[in-house]
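For reference, the structure discussed in these notes is given below.
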Amino acid sequence: MLELRPSCECCDRDLPPDTADAVICSFECTFCRHCAETTLRGRCPNCGGNLVSRPIRPAAALAKFPASSTRKFKPSGCVKVA
Ligand SMILES: [Zn+2]
Ligand SMILES: [Zn+2]
């Protein structure tokens, strides 16, 4: 099951489970769309994989399968791609 992490790994901004602004890689590394498009240019800095829009879990499902509350923040990994 998708972890639905609560924040961007690069800028630590909140990414609630119903935002259309979150992107993930295949390992669920989670970023905001802004970082993904500017700093990261569509590539996950951890694994090199591509970043895609995170699906939104419907509220009913979210009540049963809550989003993760573990924040991951490692700005050192988010270097600007030259
Ligand atoms: Zn960000
Ligand atoms: Zn990744």
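Results, tabulated for the structure shown:
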read-out	value
Residue in the range 51-62 that is within 14 Å of ligand 1 (Cβ to nearest atom), open to solvent by less than 50 Å² (accessible area, probe 1.4 Å) and not basic (K, R) present	yes
Filtered residues of the range 5-29 (kept if surrounded by 20 or more Cβ atoms within 10 Å (Cβ to Cβ) and outside any loop (DSSP other than H, G, I, E, B))	S7, A22, V23, I24
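Matching residues to (1) more than 19 Å from P58 (Cβ to Cβ); (2) more than 9 Å from ligand 1 (Cβ to nearest atom); (3) among the aliphatic types (A, V, I, L, M):
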| residue | (1), (2), (3) |
| --- | --- |
| R5 | no, yes, no |
| C10 | yes, no, no |
| D14 | yes, yes, no |
| P17 | no, yes, no |
| F27 | yes, yes, no |
| C32 | yes, no, no |
| C35 | yes, no, no |
| R41 | yes, yes, no |
| C47 | yes, yes, no |
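The values are calculated or read from the model by the stated rules, or taken from the named source; none is laboratory data. Since the model is a prediction, treat every value here as computed from it, not as a measurement. In this analysis, Cβ positions are derived from the backbone assuming ideal geometry, glycine residues included, and neighbour counts consider all displayed protein chains. We work out accessible area using only protein heavy atoms, side chains counted, and drop any ligands, DNA or RNA first. Shrake-Rupley method; radii C 1.70, N 1.55, O 1.52, S 1.80 Å.
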